[in-house]
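Colleague: Take a look at the following structure, please.
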Amino acid sequence: MRSNHLLVAVAALAIAGCTASKKNDSKESAIATLGSQPISTSEFRYVYEKNNGGNEDAYTRESVSDYLNLYTNFKLKVMEAEKRGLDTTMAFKRELEGYKEQLAQPYLTEKSVTDNLVKEAYERLKQEVNASHILVALAPEAAPEDTLAAYNRVMELRKRVQNGEDFGSLAQQYSQDPSAADNKGELGYFTALQMVYPFEDAAYKTAEGEVSMPVRTRFGYHLIKVNDKREARGEAKVAHIMVRSMPNAPAADSLAAKQRVDAIYRRLQKGEKWNKLAAEFSEDANTASNGGELPWFGTGRMIPSFEEAAFGLQKPEEVSKPVYTPYGWHIIKMIEKRNLPPYEEMEQHLRNKIAKDSRSELNKTAFLKRIKQENNFTENAEAKTAALANANDELLHGSWSYDESDKALKQTLFSIQGKNYTIGDFYTYVKEQQRARANGTAAHAMGLLYDSFSEKSLLEYERENLENKHTDYRMLVKEYHDGILLFQLMDEKVWSKAIEDTVGLRTYFDQNREKYKWGERADAIVISAASKELLQQAQNQLEKRRYPVSFAKLSDVLFEQNKAELSTEGKSKLQELAQMLQQNETLTLEINGHTDARENAKIAEARAEAIKVYLQEQGAPTAQLTTSSLGKSKQAGPDNTETGRRRNRRASFALYTSELAALAENLNKNNPLAVQVTEKKFQRGDNKALDAVEWQKGTYTAQQNGREYLIIIKDVLEPAYKELSEVRGPVISDYQTYLEEQWVQELRNRYPVEVKEGEVEKLVRK
């Protein structure tokens with residue numbers, strides 16, 4: 001129950017909605033006072049309109065008064081929690097900070113930029129691009145002179161392509177992408193969200209057959225040639241059977257792998273079951289036992305040769321010829337294809353991906369630009385120049401330091417909404433964040449750290465002032481603040497108390513027994529059948545109350561020739577059986593003794609009796625055990641061996657139950673809805689067929705909704721009080737309500753509530 005309490009507490013804030021975070025101004029009109037603490041009319045109006053504005057009966061006197069009553073109860077509980085200091089504990093502060101961090105995220109982003117990126121990504125997913133590239137590697141934080149040199153190298157290569165040189169040959173010779181030596185820079189087909197955003201953006205914006213201008217990513221500068229564009233092929237779900245064969249394997253091994261996969265393919269062509277062959281022969285250990293099934297995939301997710309073969313299959317169950325990849329040979333079976341889902345279905349998924357994608361940098365840049373303006377970010381150019389001038393080579397080694405007594409440290413470097421950040425603040429950050437760098441200059445490294453420090457300061461300032469800038473955020477934080485407090489105190493005063501206070505629960509139950517009474521009840525069996533024939537079968541078997549059960553598979557116990565002593569293995573099996581009988585009193589066990597053709601028939605009885613005695617010793621009730629002797633078992637042919645004869649020196653078992661569910665199960669083997677059997681004490685309204693007959697002892701038949709009914713009323717019970725064990729759940733719920741009402745009354749006595757009727761009238765619309 002407790003796992004839902006926080007949800008309950010926060011849901012209770014639908015009553016509270018949100019409460020104002022600012023302290024009530026003494027000049028502001030109050031709609032009510034709780035002790036000496038006022039609830040401002042404006043605060044209540046906001047909460048009321050948020051939660052009731054769309055209701056048909058909104059703004060009636062009854063609606064406003066009822067909601068004000070609920071709201072004052074809520075505020076009383078929060079007041080009590082605060083007076084007890086529950087909002088000062090470390091646990092409370094940690095939990096609230098966690099929620100604040102989550103709630104702040106939508107306010108620390110540029111929504112319009114995200115919206116455009118999501119729509120752009122969806123449109124691009126409709127198309128696939130085939131491109132090649134040349135990479136000139138460059139570290140993300142490279143010095144300006146290194147950046148310019150890399151850019152010039154890429155531009156030189158672009159000119160050579162434009163002058164007619166082969167792009168693939170240049171990629172093979174100059175690209176610093178290691179794979180270019182083999183693939184000549186060819187990347188195959190890809191779609192949105194598979195490449196870093198600047199690369200994707202340039203590829204989609206470059207026409208077929210054209211070469212892009214240099215594109216900067218975190219890997220360096222790229223030159224991109226777009227070879228082809230096509231409509232997206234969607235996604236495919238396939239299964240495969242794989243025979244491993246690595247490209248550098250000896251010729252004999254490669255030939256053997258090819259022969260194996262061809263043999264499997266021939267067997268599939270002859271109609272052998274796919275799953276059987278996959279389990280037996282596939283060398284993909286992760287999928288062999290699952291019929292070789294792979295997750296959904298789209299363009300760019302698989303090895304190109306595998307992908308082409310898979311998408312070449314047109315219909316479910318179609319199977320490809322063996323396909324080679326660097327992992328080996330594959331036979332591929334199509335399971336299903338699907339197209340791009342509608343935008344509405346994909347929107348949230350795309351938002352989540354974009355938040356983690358490199359294009360989120362565009363959002364960050366736009367957001368920082370906006371909050372610089374909103375927060376009046378002002379730099380002291382002279383102080384900045386002086387601060388950056390202290391960079392030296394120690395910064396490149398990660399060992400830079402500064403003179404902490406330098407008076408210049410107090411100079412303002414920049415200000416955010418009038419809050420000053422000094423050179424000393426910046427140097428402290430530099431000292432903490434510096435790291436050894438293999439490339440670049442000290443001046444460049446110091447400049448990067450300055451940019452990072454100013455961005456961090458801006459984001460922190462924005463986060464700290466969200467409650468002042470955004471009313472909705474302020475209200476949400478207050479809701480969670482009050483919700484956590486409410487949960488803690490409600491758990492102590494109501495929820496846990498109602499469960500753990502068994503004496504109080506019993507007292508409450510005894511004082512309110514009139515609420516927990518059975519009406520007139522019929523102790524009855526109701527059988528519903530699809531036909532009269534099935535109903536007759538059920539009725540014929542009903543009197544036996546002894547039905548075979550299928551949930552337990554009981555293995556035989558074996559014996560030595562002419563002996564009835566149990567082996568250690570036999571005893572182990574019987575211990576489990578005894579435990580099953582102890583745990584379910586509806587079960588009965590029939591023990592059957594057997595002999596082989598060379599044994600005396602009486603030994604069968606002895607074996608059955610020995611098992612019965614052992615089960616009794618293990619705690620199995622005697623009333624649940626019966627024995628019989630089935631005598632000699634006939635064997636012929638290969639079984640007339642010592643092994644075959646030993647299988648006949650045994651005891652077998654048959655397990656039965658008196659539960660009517662087993663009767664229904666046996667009759668429902670061909671149709672799960674053929675027969676339904678219910679045995680219980682029914683109240684009126686529990687069963688329509690039973691309600692339709694006279695409530696007197698006896699047997700009745702009826703028809704209803706095309707079903708045949710047999711109704712056996714064993715007894716009609718007069719109205720009676722329920723026992724606590726029968727209604728524990730509802731009683732706990734009622735007791736919780738009682739405890740809450742008592743607590744609220746106690747709070748109202750401690751903090752008298754005074755409603756200002758004149759202010760209520762202002763909210764009522766005539």
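Colleague: If you take just the helices (runs of 4 or more DSSP H) that sit entirely in segment 354-411, which of them hold at least 2 residues that are closer than 18 Å to Tyr427 by Cβ?
Modeller: Working: elements: 360-374, 381-388, 394-397.
The qualifying helices (runs of 4 or more DSSP H) are 381-388, 394-397.
Colleague: What are the residues in segment 589-624 that are loosely packed, with under 14 Cβ neighbours inside 10 Å, touching a residue at least 24 places away in the same chain (Cβ under 8 Å) and either in contact with a helix residue (DSSP H, G or I) (Cβ under 8 Å, 6 or more places away or on another chain) or closer than 14 Å to Val557 by Cβ (or both), if any?
Modeller: Across segment 589-624, the qualifying residues are Ala597, Arg598, Gly619.
Colleague: Anything in segment 205-230 that is under 21 Å from Glu156 (Cβ atoms) and in a strand (DSSP E or B)? List them, or say none.
Modeller: Val211, Val215, Arg216, Thr217, Gly220, Tyr221, His222, Leu223, Ile224, Lys225, Val226
Colleague: Now a separate question. With respect to Asp482, is the statement that it is assigned to a helix (DSSP H, G or I) and under 35 Å from the mean Cα position of the chain (by Cα) true? Step through it out loud before you land on a result.
Modeller: Details: assigned to a helix (DSSP H, G or I): yes; under 35 Å from the mean Cα position of the chain (by Cα): yes.
Yes.
Colleague: From the residues in segment 688-716 that are touching a Lys or Arg at 6+ places or on another chain (Cβ under 9 Å), of a type outside the set (Val, Ile, Thr) and under 13 Å from Ile525 (Cβ atoms), which one is surrounded by the fewest Cβ atoms within 10 Å (Cβ to Cβ)?
Modeller: Restricting to residues being touching a Lys or Arg at 6+ places or on another chain (Cβ under 9 Å), of a type outside the set (Val, Ile, Thr) and under 13 Å from Ile525 (Cβ atoms), the top hit is Asp715.
Colleague: Criterion first (among the basic types (Lys, Arg), more than 38 Å from the chain's Cα centre (by Cα) and either at pLDDT below 95 or surrounded by 14 or more Cβ atoms within 10 Å (Cβ to Cβ) (or both)) does Arg266 satisfy it? Outline the logic, then answer.
Modeller: Values: among the basic types (Lys, Arg): yes; more than 38 Å from the chain's Cα centre (by Cα): yes; either at pLDDT below 95 or surrounded by 14 or more Cβ atoms within 10 Å (Cβ to Cβ) (or both): yes.
Judged against the criteria, Arg266 is a match.
Colleague: Okay, moving on. Answer yes or no: is there a residue in segment 229-238 that is closer than 30 Å to Ala150 by Cα and not hydroxyl-bearing (Ser, Thr, Tyr).
Modeller: Keep residues of segment 229-238 that are closer than 30 Å to Ala150 by Cα, which gives 229.
Checking which are not hydroxyl-bearing (Ser, Thr, Tyr) leaves us with 229.
Checked segment 229-238: at least one residue is closer than 30 Å to Ala150 by Cα and not hydroxyl-bearing (Ser, Thr, Tyr).
Table: residues versus (1) in contact with a strand residue (DSSP E or B) (Cβ under 9 Å, 6 or more places away or on another chain); (2) modelled with pLDDT of 95 or more; (3) surrounded by fewer than 17 Cβ atoms within 10 Å (Cβ to Cβ).
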{"position": "Trp400", "(1), (2), (3)": "no, yes, no"}
{"position": "Asp403", "(1), (2), (3)": "no, no, yes"}
{"position": "Gln411", "(1), (2), (3)": "yes, yes, no"}
{"position": "Gln417", "(1), (2), (3)": "no, no, yes"}
{"position": "Phe426", "(1), (2), (3)": "yes, yes, no"}
{"position": "Val430", "(1), (2), (3)": "no, yes, no"}
{"position": "Ala445", "(1), (2), (3)": "no, no, no"}
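Conditions (1) closer than 30 Å to Gln127 by Cβ; (2) aliphatic (A, V, I, L, M), marked per residue:
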| position | (1), (2) |
| --- | --- |
| Thr325 | yes, no |
| Ile331 | no, yes |
| Lys353 | yes, no |
| Thr378 | no, no |
| Lys384 | no, no |
| Ser399 | no, no |
| Asp403 | no, no |
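Colleague: Out of all the residues in segment 542-567, which are closer than 17 Å to Leu655 by Cα and surrounded by fewer than 16 Cβ atoms within 10 Å (Cβ to Cβ)? Let's see the steps before the verdict.
Modeller: Residues of segment 542-567 that are closer than 17 Å to Leu655 by Cα, as a first pass: 544-557.
Within segment 542-567, Lys544, Arg545, Arg546, Pro548, Ser550, Phe551, Ala552, Lys553, Leu554, Ser555 meet the criteria.
Colleague: Considering only segment 370-397, how many residues are surrounded by fewer than 15 Cβ atoms within 10 Å (Cβ to Cβ) and within 21 Å of Glu141 (Cα to Cα)?
Modeller: Of the residues in that region, 6 qualify.
Colleague: Right, something else. Kindly provide the set of residues from segment 365-389 that are basic (Lys, Arg) and in contact with a helix residue (DSSP H, G or I) (Cβ under 8 Å, 6 or more places away or on another chain), ordered by number. It would help to see each step written out before you state the result.
Modeller: Step one: filter segment 365-389 for residues basic (Lys, Arg), giving 369-370, 372, 384.
Within segment 365-389, Lys372, Lys384 meet the criteria.
Colleague: Also: Of the residues that sit in segment 270-301 and are surrounded by 15 or more Cβ atoms within 10 Å (Cβ to Cβ) and hydroxyl-bearing (Ser, Thr, Tyr), which one is farthest from Glu200 (Cα to Cα)?
Modeller: Ranking the qualifying residues of segment 270-301, first place goes to Ser282.
Colleague: Output the number of residues of segment 470-498 satisfying the condition of being touching a residue at least 40 places away in the same chain (Cβ under 8 Å) and either over 21 Å from Ser42 (Cβ atoms) or charged (D, E, K, R) (or both).
Modeller: So the first thing to find is which residues in segment 470-498 are touching a residue at least 40 places away in the same chain (Cβ under 8 Å), and the list is 470, 473-491, 493-498.
Checking which are either over 21 Å from Ser42 (Cβ atoms) or charged (D, E, K, R) (or both) leaves us with 474, 478-480, 482-491, 493-498.
Result for segment 470-498: 20.
Residue-wise test of (1) within 30 Å of Phe297 (Cβ to Cβ); (2) surrounded by 15 or more Cβ atoms within 10 Å (Cβ to Cβ).
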{"residue": "Tyr107", "(1), (2)": "no, yes"}
{"residue": "Glu165", "(1), (2)": "no, no"}
{"residue": "Ser175", "(1), (2)": "yes, yes"}
{"residue": "Ala181", "(1), (2)": "yes, no"}
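Colleague: Look at Gly292 and say whether it is of a type outside the set (S, T, N, Q) and under 24 Å from Asn183 (Cα atoms).
Modeller: Values: of a type outside the set (S, T, N, Q): yes; under 24 Å from Asn183 (Cα atoms): no.
Taking the combined requirement at face value, the residue does not satisfy it.
Colleague: Moving to a separate point now. Does Met195 count as at pLDDT below 95, on the phi < 0 side of the Ramachandran plot and not in a helix (DSSP H, G or I)?
Modeller: yes
Colleague: Could you look through segment 337-384, keep only residues that are within 26 Å of Phe219 (Cα to Cα) and basic (Lys, Arg), and pick out the one that is farthest from the chain's Cα centre (by Cα)? Before you say what the answer is, go through the steps one by one.
Modeller: First, pick out the residues of segment 337-384 that are within 26 Å of Phe219 (Cα to Cα): 350-369.
Next, from what is left, pick out any that are basic (Lys, Arg): 351, 353, 356, 359, 364, 369.
Details: Arg351: 18, Lys353: 17, Lys356: 19, Arg359: 26, Lys364: 29, Lys369: 36 Å.
This residue is Lys369.
Colleague: Same structure again: Taking the condition among the hydrophobic types (A, V, I, L, M, F, W, C), closer than 27 Å to Ala661 by Cβ and at pLDDT 90 or above, does Leu574 pass?
Modeller: On the way: among the hydrophobic types (A, V, I, L, M, F, W, C): yes; closer than 27 Å to Ala661 by Cβ: yes; at pLDDT 90 or above: yes.
Yes, satisfied.
Colleague: Scan segment 56-105 for residues that are assigned to a loop (DSSP other than H, G, I, E, B), surrounded by 11 or more Cβ atoms within 10 Å (Cβ to Cβ) and not aliphatic (A, V, I, L, M) and jot them down.
Modeller: First pass over segment 56-105, keeping only residues assigned to a loop (DSSP other than H, G, I, E, B): 56-60, 84-85, 89.
Going one step further and asking which of them are surrounded by 11 or more Cβ atoms within 10 Å (Cβ to Cβ), we end up with 58-60, 84, 89.
Passing the criteria: Tyr59, Thr60, Arg84, Thr89.
Colleague: Just to be sure before I move on: is Ser42 surrounded by fewer than 19 Cβ atoms within 10 Å (Cβ to Cβ), in a helix (DSSP H, G or I), at pLDDT 90 or above and more than 34 Å from the chain's Cα centre (by Cα) in the structure I sent?
Modeller: Working: surrounded by fewer than 19 Cβ atoms within 10 Å (Cβ to Cβ): yes; in a helix (DSSP H, G or I): yes; at pLDDT 90 or above: no; more than 34 Å from the chain's Cα centre (by Cα): yes.
The answer is no for Ser42.
Colleague: Among the residues of segment 591-612, is there at least one that is acidic (Asp, Glu), within 11 Å of Ala651 (Cβ to Cβ) and in a helix (DSSP H, G or I)?
Modeller: Taking segment 591-612 as the starting set, the residues that turn out to be acidic (Asp, Glu) are 596, 599, 605, 609.
Filter again for within 11 Å of Ala651 (Cβ to Cβ), leaving 605, 609.
If we keep only those that are in a helix (DSSP H, G or I) as well, we get 605, 609.
Yes, segment 591-612 contains a residue that is acidic (Asp, Glu), within 11 Å of Ala651 (Cβ to Cβ) and in a helix (DSSP H, G or I).
Colleague: Another question, then. Which strands (runs of 3 or more DSSP E) sit wholly inside segment 681-758 and have at least 2 residues that are in contact with an Asp or Glu (Cβ under 8 Å, 6 or more places away or on another chain)?
Modeller: Working: elements: 698-704, 707-717, 753-755.
Strands (runs of 3 or more DSSP E) meeting the threshold: 698-704, 707-717.
Colleague: Is there a residue being farther than 30 Å from Thr287 by Cα and either modelled with pLDDT under 95 or assigned to a helix (DSSP H, G or I) (or both) anywhere in segment 335-343?
Modeller: Step one: of segment 335-343, the residues farther than 30 Å from Thr287 by Cα are 342-343.
With the extra rule that they be either modelled with pLDDT under 95 or assigned to a helix (DSSP H, G or I) (or both), the set shrinks to 342-343.
Among the residues of segment 335-343, at least one is farther than 30 Å from Thr287 by Cα and either modelled with pLDDT under 95 or assigned to a helix (DSSP H, G or I) (or both), which makes the answer yes.
Colleague: Quick one: would you say Lys573 is outside the structural domain of Gly685 (by TED's automatic domain parsing) and among the basic types (Lys, Arg)? Write out each step before concluding.
Modeller: On the way: outside the structural domain of Gly685 (by TED's automatic domain parsing): yes; among the basic types (Lys, Arg): yes.
Spelling it out, Lys573 is indeed outside the structural domain of Gly685 (by TED's automatic domain parsing) and among the basic types (Lys, Arg).
Colleague: May I ask you to list the residues in segment 252-263 that are surrounded by fewer than 16 Cβ atoms within 10 Å (Cβ to Cβ), of a type outside the set (D, E, K, R) and at pLDDT 90 or above? Give the steps one after another, and end with the answer.
Modeller: Just the residues of segment 252-263 that are surrounded by fewer than 16 Cβ atoms within 10 Å (Cβ to Cβ), to begin with: 252-253, 255-256, 259, 262-263.
Now restrict to residues that are of a type outside the set (D, E, K, R): 252, 255-256, 259, 263.
Result: Leu255, Gln259, Ala263.
Colleague: Does segment 302-341 hold any residues that are small (Gly, Ala, Ser), surrounded by fewer than 17 Cβ atoms within 10 Å (Cβ to Cβ) and under 22 Å from Arg260 (Cα atoms), and which are they?
Modeller: Within segment 302-341, the first condition is being small (Gly, Ala, Ser), and the residues that meet it are 305, 309-310, 312, 320, 328.
Subsequent filtering for residues that are surrounded by fewer than 17 Cβ atoms within 10 Å (Cβ to Cβ) retains 305, 312.
Within segment 302-341, just Ser305 meets the criteria.
Colleague: Would you check if Glu432 is acidic (Asp, Glu), within 27 Å of Leu108 (Cβ to Cβ) and touching a residue at least 40 places away in the same chain (Cβ under 8 Å)?
Modeller: Spelling it out, it is not the case that Glu432 is acidic (Asp, Glu), within 27 Å of Leu108 (Cβ to Cβ) and touching a residue at least 40 places away in the same chain (Cβ under 8 Å).
Colleague: Quick check: is even one residue across segment 231-251 under 19 Å from Phe311 (Cα atoms), in contact with a strand residue (DSSP E or B) (Cβ under 9 Å, 6 or more places away or on another chain) and exposed (fewer than 12 other Cβ atoms within 10 Å of the Cβ)? Before the answer, list the steps.
Modeller: Here is the first cut: in segment 231-251, the residues under 19 Å from Phe311 (Cα atoms) are 231-242.
Subsequent filtering for residues that are in contact with a strand residue (DSSP E or B) (Cβ under 9 Å, 6 or more places away or on another chain) retains 231-242.
Of the ones still in play, those that are also exposed (fewer than 12 other Cβ atoms within 10 Å of the Cβ) are 231.
Scanning segment 231-251 turns up at least one residue that is under 19 Å from Phe311 (Cα atoms), in contact with a strand residue (DSSP E or B) (Cβ under 9 Å, 6 or more places away or on another chain) and exposed (fewer than 12 other Cβ atoms within 10 Å of the Cβ).
The values are calculated or read from the model by the stated rules, or taken from the named source; none is laboratory data. Just so it is clear, the model here is predicted, and its values are computed rather than measured. Note: ideal-geometry Cβ built from the backbone for every residue, glycine included; neighbour counts use all protein chains shown.
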